[in-house]
Structure formats: C-alpha cells, structure tokens
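Since the structure comes first, as structure tokens, the remarks are kept for the end.
The values are calculated or read from the model by the stated rules, or taken from the named source; none is laboratory data. Remember, it's a predicted structure, so these values are computed and weren't measured experimentally. Here the Cβ positions follow ideal geometry from the backbone for every residue, glycine too, while neighbour counts run over all protein chains shown. Just so you know, the surface numbers come from the protein's heavy atoms only, side chains and all, with ligands and any DNA or RNA stripped out. Shrake-Rupley method; radii C 1.70, N 1.55, O 1.52, S 1.80 Å.
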Protein chains: 2
Amino acid sequence: MPVFLDAAAPDFETRFAALLGAKREDSPDVDAAVAKIIADVRARGDQAVIDLTARFDRIELTPATMAFSPEEIAAAVEAVSPEDRAALEMAAERIRAYHVRQMPADQMWTDPDGATLGWRWSAVSAAGLYVPGGLASYPSSVLMNAIPAKVAGVGRLAITVPTPDGVVNPLVLLAAQLAGVDEVYRIGGAQAIAALAYGTDTIAPVDKITGPGNAYVAAAKRRVFGKVGIDMIAGPSEILVIADADNDPDWIALDLLSQAEHDESAQSILIADDAEFGQRVAAAVDKRLETLERRAIAGASWRDFGAVITVSDMAQAAALSNRIAPEHLELCVADPVALAEHTVHAGAIFLGHWTPEAIGDYVGGPNHVLPTARSARFSSGLSVMDFLKRTTMAQMTPEALRAIGPAAERLATSESLEAHGLSVRARLDHLNR
Amino acid sequence: MPVFLDAAAPDFETRFAALLGAKREDSPDVDAAVAKIIADVRARGDQAVIDLTARFDRIELTPATMAFSPEEIAAAVEAVSPEDRAALEMAAERIRAYHVRQMPADQMWTDPDGATLGWRWSAVSAAGLYVPGGLASYPSSVLMNAIPAKVAGVGRLAITVPTPDGVVNPLVLLAAQLAGVDEVYRIGGAQAIAALAYGTDTIAPVDKITGPGNAYVAAAKRRVFGKVGIDMIAGPSEILVIADADNDPDWIALDLLSQAEHDESAQSILIADDAEFGQRVAAAVDKRLETLERRAIAGASWRDFGAVITVSDMAQAAALSNRIAPEHLELCVADPVALAEHTVHAGAIFLGHWTPEAIGDYVGGPNHVLPTARSARFSSGLSVMDFLKRTTMAQMTPEALRAIGPAAERLATSESLEAHGLSVRARLDHLNR
C-alpha cells in the first residue's frame, strides 16, 4: 500500500516531511574496492583492464579486441529489425533537433569605457560515456548522452559497455552508430571509468565522463572527479503526477507505474484535488499490477515509496510540488501551461493529457537524464552545456585602463596584493609619461 | 629558480609532462574532523554552531547575535574610506553589467509533428556564500559570488564570514551590501557550511553554496554536495602569459608575480618565442622580488612552480597552452585576437598589452572565480548559470502522439519496460477508438 495523505489533515506536515526525507536507496560501500581497481588500472593499464574484465565479465580480451571493430559493429547492427531501427532513428533525429537549439552563443562587446568584453564557448575535446550492460543496457540512454556531446562538438566520443559472457545489445551499438560515437570498448565497471579518466596504451584519456551505472561505477566517477569532469550521480527515478478528476485513472496509473517499474527504489507520487479520484487511480494501479511483466519491481516501489496526496486546490499542489522538486512532473490538468508557471523546481515537465512521461524517455526530444533526489532545486538535466565550457575574454585599451585601472589598483591595495596593483600601475605610469 | 624549458630540446616532452603533473598542494586530510562537525551541527543546530565558534574563533555568540544587525553593518560600512567605496562601487557596477548579459533565454516552439517543446530557466531559491576570514577575506570575492546570484534572481542570499576575535573586514560588509546580500552571519569553517546546508533554528537552509575556503571548508562542501549544490573546489591560482619580445619585461614580471603572491602553491608560467626575452623577464621577477611586500610567498611560488618556456613560434605556444589549460591566460602579442582563436582551453583570456590579469580580478567585469588545475578542459568559471537551473518542457497533442507515440512504444518494448509502452498505448487506443 502506498501512503495516502490529506493536505488538510492535522498530521499532514509531519507525514509529508517524512515522505520527503525517506531514504530510498542504501548504496553498498564499495569505495575501498573501487580505489583498488582505479590504482590497478593506473599502474598496469591495459593488462589491469584485461584481468578485471576476465574476472567480472568472464571474457578474455587483448588490447586488439578491447574495442569493437567496425566489422563487428556492422554485423551486430545488421541484426536489428527494421521497426526497431526506424524507432531509434526517429528518436535520434528528434533528440538532435531539440539539443541543437541549446547551443549557446558567443558574445563580444565594447563598453563605454572602451573595454572589449565577452565570452566564447568551446567543446570538451574528448568525452567518455558509460553504458551499463545486461538488463539496464538502454539504447535510449546512449542517444541521450551521446547526441548532446556530438551536438556540442566533442571531437572524440568513446563508449564503454560491459559484455558479460560476451553478450551485447545490438541496439546499443546501433544507437552509438546513429549518434556518431567514435570508439566502443567492451569493458565496464570501475575499471572502465579508470581507463577513461587516466588512459591506457589502448584507450586515450578523456576530459569528461557521463552516463549511468551501478554503485561501483558511481563510486569510481566520484573518485575521478577533478581529474575529469563528470555529470551528476543519479539516484533512483521519480515521478510526480498532478491530476484533476477529469482524467482516465488507468492512464495516470500507467504513468505512475512507468517510473515504478524501473527500480524498487523508484518513487511515484500522485497529487489530486479529489480524494475519490486518488482512490480510483490507486485501484487502477493495483489492477495493472496483476499482469505487468515487471510487477515484482513496480509493486515493491509502489508499496514502499508510492504516495497519493489529496489537496484542496491546484495552488496547494504546486506548492507541494516545489518542495518535492521532482525529476519528472506530469501536469494532467485543464490548463497545464498556467499551472507550470507555479511549479518552478522540476527536472522536466510534461504538459497535459497527451504527454505521458514515457514520451520524454524516448522520442520527445528533451533529455531523459534528469536531476533526482530533490536536486532539481539547484541542478538541471543533461544538455549540450555539459560538453561545453566558457572562456571569458577581456581586452583593455589605454583609455579603458586609464578609466578603470585606478579602481583595480585601489582594491588590490585594500586586499594587500601589491603585485596586482603594481601590474596596473606600471602600465598607467607608462601612459602618463 | 623557476624551470627553464626549451620546446626544441630533446628532453622537453619529459620535462613539460613533469611540469603538468607536478602536485602543488598537499591538502591535509581533515575529512574525519569535518564529518564530526557536520554531524554535530545537524544534531544540535544553533548550539553546536555557537560552541564551535567559541572554540575556533574565540567569540561568544547567541542565536540573536549570530547575524550582523543592519545597524552593525551600517556602522562598519560608515568606516570605509570614500576612495575604497568608489572603487568597490565601480567594480560592483561593472561585474553586474557583465553578468546581466549571461542571462539565458527561455525557449518554446512547436515542431512539425505538433509537439510543443522547450525549456525554462529559473533561479535557485536560496544560496549561501562562504567568505573566508582573516587575510584571505577579499571583498572582491564577495562581489564575484554574490552579484551573479542576485542577477540570476536568487531570492535569499546568505553570507557566512568568520570573525576571529571579533575582527571583521568592513569592506566585506560593504561588498555584501552593494551586492544585495540578505543575511550575513559571523560564523565560519565546516560549521558554517553545515548550517547553510542543513539549517538551524536561526539559519534557514539554502539550496546552493559557493565561495572559497580552507581545507575544512572544501571538505565540508564536498560532504554536503548532493544535499545542496556547490560550485567548484578551487585549487591554487595559476597564470600563463604568452608573450613575444615586444613587451616590457617588467610588466610581464609583475603579471607573473600577481599570481605568485596569492599563495606558495600558485603557479606562474611564461611562454615566449624569444629565449633572451624570457631571461629578461626572469631577471625582472628577481628584481621585483627584492622589494615586494609578499616576497616570501611570491618567491616560494616562483622558485618551486614557476616556469619559462621558449617556443619556436606562437602556434607551438598555443598548443602548449591547450595542454596546460590555464586558469588565467594573458596573450601579450601583436595580434592577441588571432592567437586566442587557437587557445581553446582556458578559464579567462586577457588580450594584449593593456590587460593585466589584475584588471580581471577586480573591475574588468568577467568573474574571477575560475577553473584551476587543468579543469578548464571541461569546466567554466562562476556565472549566473551556477544559480539557475533549467526545466525542460514538452506538450503533445493527439496528432503529435499519433506521430511519435508508436516509436516510443516500440523502444519501450525493446527495453522491456512494459508500463512505459502501455502508458502511450492506452492513449493511442483511445484516439483510435
């Protein structure tokens, strides 16, 4: 049973705070093991990666077979059905079209003092994308990570994907091909992150690593952060649906279950302004859980972390939504655009009855890598910006230096940084000669 | 003596790699102590902060005196000289004018399939800014952190600044006032970071924490990351000057020293296409070091980490610059704009003879919080973006769902995520009824 809360109940604040504060994931502490693996890869390079892959994935690699060859990729991609290919191509095209619009512009201007100022964006030279193996090996995630990198202009994009017992998902290779990935390595775990960050004889180091992974991968990403850039460390998925009574309870139930089926730690929350409608959705969830393929996972998530909250009006719903700061927010109400004005903290908003969150996972266009665990309060989903960096530019003329240099000198003096002031003063003295 | 390298020498690659790889800072391992302080503040709130402040800063606070009162701020600000005030006001105005231009635009469009897509930027609700006490209590840093936050639209901006033995820098309070800071607390160290991240009865929690600090502050920021957002963990400062022989060696020497005087771990590098000019700059550094107030610090930095590299031409200089990926890059050459086209990895570029780096520290306009330790390969300086987050938006119509829904369903099936597919299918079935 999920929890049922009524925002008008006297104990609501306590119970809502408990819901917000509930710890949904207990990551095993694998940090010591990961530190050892990283040290091993730094010391022994390729051979360490080969040994660890033999141990964890039960396959024997050589430096020559670490990467998929173009022929291997072509053969695997050949096996993809035309329907799957068409769907993946549509997804790639729509994701690309959305992310192209994210490209920021350089700026350069001259201000009234004669100072030319501005900034310039440039792409990270090389990026690595971690793709999980096995069940969670999602081709859609390859597109969502690789396409923004290529749109940003990353010159070299490498993928690592473990192939336990030699098994690989051909759709992952097709997604890599469609996204323009340059290198695909059949390695995984902390050893793959270490190889990307520090490089080996076979794998050149990258500057930025993104992509989801298990506890080992997450711990390795935390450890190499600083040496390279990383994206967020994502927690279990979440959805908040705000719905009025004018919805098909079964649709809302399926939207809630589409998060719940990801992971037993996923969280699905419904906020409704009609208690009876909330009950009908909960009943529809139960009914769907009878037959859903992943009912064990989805059922555990709904039972342990699901919630149905009744509010008196949509203003209250928006206020609670801002406190939840959900990864995914569906607004199934008569005027979703108006309500969205008030729901300011969310990773992605899905507006209206015809926009189930699953559209955003695959073909909508926006990225599906989004901030979890309330971090939408201060962070954003993956975008081309994650593969760009900004260099600020400044050029003074003698006139500009005359106008603003003395203030810099004064502040340097007040901060006891004499050489700072002298570097300005030497030039001003020259101009005043 | 700094190292002198010649890019044409047979051992250059080895020596340059050693220069790049040199570890300049050994941070003490204070993580265990910091974990204890954070746990204490989470458990005992205000009282823990008061006890720790008594211990580390030797002042006795109460919840009522934790924040500076408006009267205290007014009195302190009163003591600032008109010259210092004017300089700080000019700096604030120029920094604001630059950062206002960084505000990104929302976008919303409808694509040929009828899907309305876009994104919306919104400000972090509350931010905290750490300001060091004592010698490194720089009013310029207050402006550089607080102004982007306020330009972004942060509603509540709190500063913490320790006041050991009750001493406070009035310019810090004036800078806070000019930047529009809402609350100023006289606390510091890991306890200040913990109070900002988790809140106490007196200090409401924030969503994002920025600002420089010592090893305790850095360790605390790492620990609270995830609960709140943080900016970068900055390392010691760096400058790379690329100069031809047509420069006054003394100006270049002062520019190199203006980084070196920050910290014994700071690094100043000169790349010149004329070996003799490099020697003249080194001689000028030595001469300035005879009288510089901070000669002990600047001298140690120059001796231990300084470098003078001779190259055959400016193309080679740009290539080396990209490998160094410096925090600050000065281009003192005839055509700095042309050279800047080739120096793609740098936090900030200062163009031409009239733009000493110190201008950028105070009054240029661009931010002086910049990526260190080669992280300009993948990250950017502080900006309004650090105080904004992006929410992606998507709204399908029945027609749009008909056009792209089947592809989403197909991909969901291929990823064995049945409820994802069903959430689309239920709507499509309704439309096809």
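Among all positions in segment A:137-157, there is no residue which is in a helix (DSSP H, G or I) and farther than 21 Å from A:Pro366 by Cβ.
The condition (being of a type in the set (A, V, I, L, M), touching an Asp or Glu at 6+ places or on another chain (Cβ under 7 Å) and in contact (Cβ under 8 Å) with a residue 12 or more places away in the chain) is satisfied by just one residue among B:Ala146, B:Ala158, B:Ala123: B:Ala158.
Results for (1) within 16 Å of B:Ala123 (Cα to Cα); (2) at the interface with another protein chain (Cβ under 7 Å from one of its Cβ atoms); (3) of a type in the set (Val, Ile, Thr), shown as yes or no for each residue.
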position	(1), (2), (3)
A:Gln316	no, no, no
A:Leu320	no, no, no
A:Cys332	no, no, no
A:Val337	no, no, yes
A:Ile349	no, yes, yes
A:Ile359	no, yes, yes
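Please determine whether any residue of segment A:382-389 is at the interface with chain B (Cβ under 7 Å from one of its Cβ atoms), at pLDDT 95 or above and open to solvent by 10 Å² or more (accessible area, probe 1.4 Å). No - not one qualifying residue is present in segment A:382-389. Note on segment A:100-147: among residues that are at pLDDT below 95 and facing chain B (nearest Cβ under 8 Å), the one that is surrounded by the most Cβ atoms within 10 Å (Cβ to Cβ) is A:Tyr138. Mind counting the residues in segment B:158-182 that are open to solvent by less than 10 Å² (accessible area, probe 1.4 Å) and assigned to a helix (DSSP H, G or I)? Going through segment B:158-182 one residue at a time, the tally reaches 6.
Look at (1) open to solvent by 10 Å² or more (accessible area, probe 1.4 Å); (2) touching a residue at least 60 places away in the same chain (Cβ under 8 Å); (3) more than 23 Å from A:Ala234 (Cα to Cα) and you find that A:Gly278 fails only one, number (1).
For segment A:63-99, a tally of residues being facing chain B (nearest Cβ under 8 Å) and at pLDDT below 95 returns 0. In this entry, A:Ala197 is excluded by the filter for residues that are more than 11 Å from chain B (Cβ to nearest Cβ), touching a strand residue (DSSP E or B) at 6+ places or on another chain (Cβ under 8 Å) and closer than 30 Å to A:Glu276 by Cβ.
Criterion first (surrounded by fewer than 24 Cβ atoms within 10 Å (Cβ to Cβ), more than 7 Å from every other protein chain (Cβ to nearest Cβ) and under 26 Å from the mean Cα position of the chain (by Cα)) does B:His368 satisfy it? Taking the combined requirement at face value, the residue does not satisfy it. One residue alone among A:Asp207, A:Asp201 is surrounded by fewer than 21 Cβ atoms within 10 Å (Cβ to Cβ) and acidic (Asp, Glu), and that residue is A:Asp201. For segment A:254-275, a tally of residues being without any contact (Cβ under 8 Å) to a residue 60 or more places away in the chain and at the interface with chain B (Cβ under 9 Å from one of its Cβ atoms) returns 5.
Here is a yes/no grid of residues against (1) among the aromatic types (Phe, Trp, Tyr); (2) under 21 Å from A:Thr163 (Cβ atoms):
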residue	(1), (2)
A:Met1	no, no
A:Ala8	no, no
A:Phe16	yes, no
A:Ser27	no, no
A:Ala35	no, no
A:Asp46	no, yes
A:Val49	no, yes
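Please determine, by comparing only the residues of segment B:396-433 that are open to solvent by 40 Å² or more (accessible area, probe 1.4 Å) and among the basic types (Lys, Arg), which one is nearest to the other protein chains (Cβ to nearest Cβ). The selected residue is B:Arg410.
Filtering segment B:195-220 to residues that are over 20 Å from B:Ala123 (Cα atoms), in contact with a Ser or Thr (Cβ under 9 Å, 6 or more places away or on another chain) and not in a loop (DSSP other than H, G, I, E, B) leaves B:Ala195, B:Ala215, B:Ala218, B:Ala219. Residue-level check: of (1) surrounded by fewer than 24 Cβ atoms within 10 Å (Cβ to Cβ); (2) under 21 Å from A:Leu388 (Cβ atoms), B:Asp335 misses just (2). When segment B:350-364 is filtered for residues that are small (Gly, Ala, Ser) and surrounded by 24 or more Cβ atoms within 10 Å (Cβ to Cβ), the ones remaining, listed by number, are B:Ala358, B:Gly360, B:Gly364. The residues of segment B:188-198 that are closer than 24 Å to A:Ala325 by Cα and open to solvent by less than 10 Å² (accessible area, probe 1.4 Å), listed by number, are B:Ile193, B:Ala194, B:Ala195, B:Leu196, B:Ala197. Against the conditions (1) under 14 Å from A:Pro2 (Cβ atoms); (2) of a type in the set (Val, Ile, Thr); (3) within 14 Å of chain B (Cβ to nearest Cβ), A:Thr291 satisfies every one except (1). One residue stands out among those in segment B:283-301 that are open to solvent by less than 10 Å² (accessible area, probe 1.4 Å) and either out of contact with any Asp or Glu (no Cβ under 8 Å at 6 or more places or on another chain) or not hydrophobic (A, V, I, L, M, F, W, C) (or both): the one that is nearest to A:Val228 (Cα to Cα), which is B:Ser301. For segment B:239-289, the set of residues classified as among the polar types (S, T, N, Q), in a loop (DSSP other than H, G, I, E, B) and within 18 Å of A:Val424 (Cα to Cα) consists of B:Asn247 only. Here the strands (runs of 3 or more DSSP E) wholly within segment B:290-370 that include at least 3 residues being in contact with a Gly (Cβ under 9 Å, 6 or more places away or on another chain) are B:307-310, B:328-332. A residue that is under 21 Å from A:Pro336 (Cα atoms), in contact with a Lys or Arg (Cβ under 7 Å, 6 or more places away or on another chain) and not aliphatic (A, V, I, L, M) occurs nowhere in segment B:421-429.
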